[in-house]
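These notes concern the structure reproduced below.
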Amino acid sequence: MIKGRGDVSSAIKDRDGFIFYCNGASNRLPLTTDAKVKEITEVAGLDKSKMIVYISSLSIYYSDSKYTEHKRKMEEIVRKNFDNYCIIRI
C-alpha cells in the first residue's frame, strides 16, 4: 500500500506486506494543527502487522521549526507503534 500522491509516492513501486507512508505534512505549506492531527490519525490507523516505511525529512538535523518538531514526533510514533518499520529521511 502506498499512502500519498506526491513526487515520492509516484516513484515507489507497491509491495505486498509493506505500507509506504508518503502522505504527511509538507514543509512547503504552513503546518496547521489539522495537518498534524490528520497525519497522526492516519498512521495510528494503519495495519500494525505490516512493515511501515515512513518518509521523513533530513531537515530534522539542521532546522528547528514546527515542521521538524512534528516530523520528530511522527518518527517516535512510528517507532513506538510498529514492530517492523523503516524511517527514510529525504
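Computed from backbone phi with θ = phi - 60° and the Karplus coefficients 6.51, -1.76 and 1.60, the 3J(HN,Hα) list for the range 73-90 is 5, 5, 4, 5, 4, 4, 4, 6, 9, 10, 6, 10, 8, 9, 10, 10, 9, 10 Hz; x is used for glycine and proline.
Applying 1/(1 + (r/R0)^6) with r as the Cβ-Cβ distance of I12 and N84 and R0 = 22 angstrom yields a FRET efficiency of 0.80. A DSSP coil position with no more than 14 other Cβ atoms inside 10 Å describes the following chymotrypsin sites (Phe, Trp or Tyr not before Pro) in the chain: Y62. Per residue, the convex hull spanned by the Cα atoms of the range 8-90 amounts to 90 cubic angstrom. Please determine, in degrees from 0 to 90 and to the nearest 10, the orientation of helix 33-44 with respect to the longest principal axis defined by the Cα atoms of the chain, where the helix direction is its Cα long axis. With both axes taken from Cα atoms, the answer is about 20 degrees.
The portion of the accessible surface of the range 1-81 made up by carbon and sulfur, rounded to a whole percent, is 51 (1.4 Å probe; DNA, RNA and ligands excluded). R15 sits with roughly 140 Å² accessible to a 1.4 Å probe, with DNA, RNA and ligands left out of the calculation.
The sum of -39500 (n - 2.57) across all DSSP H runs of n ≥ 4, divided by the residue count of the chain, sets its helix-only mean residue ellipticity at 222 nm to -10500 deg cm²/dmol.
The values are calculated or read from the model by the stated rules, or taken from the named source; none is laboratory data. Every value quoted in this text rests on a predicted model; they were computed, and no experiment measured them. Positions of Cβ are generated from backbone atoms using ideal geometry, with glycine treated the same way; all protein chains shown enter the neighbour counts. We work out accessible area using only protein heavy atoms, side chains counted, and drop any ligands, DNA or RNA first. Shrake-Rupley method; radii C 1.70, N 1.55, O 1.52, S 1.80 Å.
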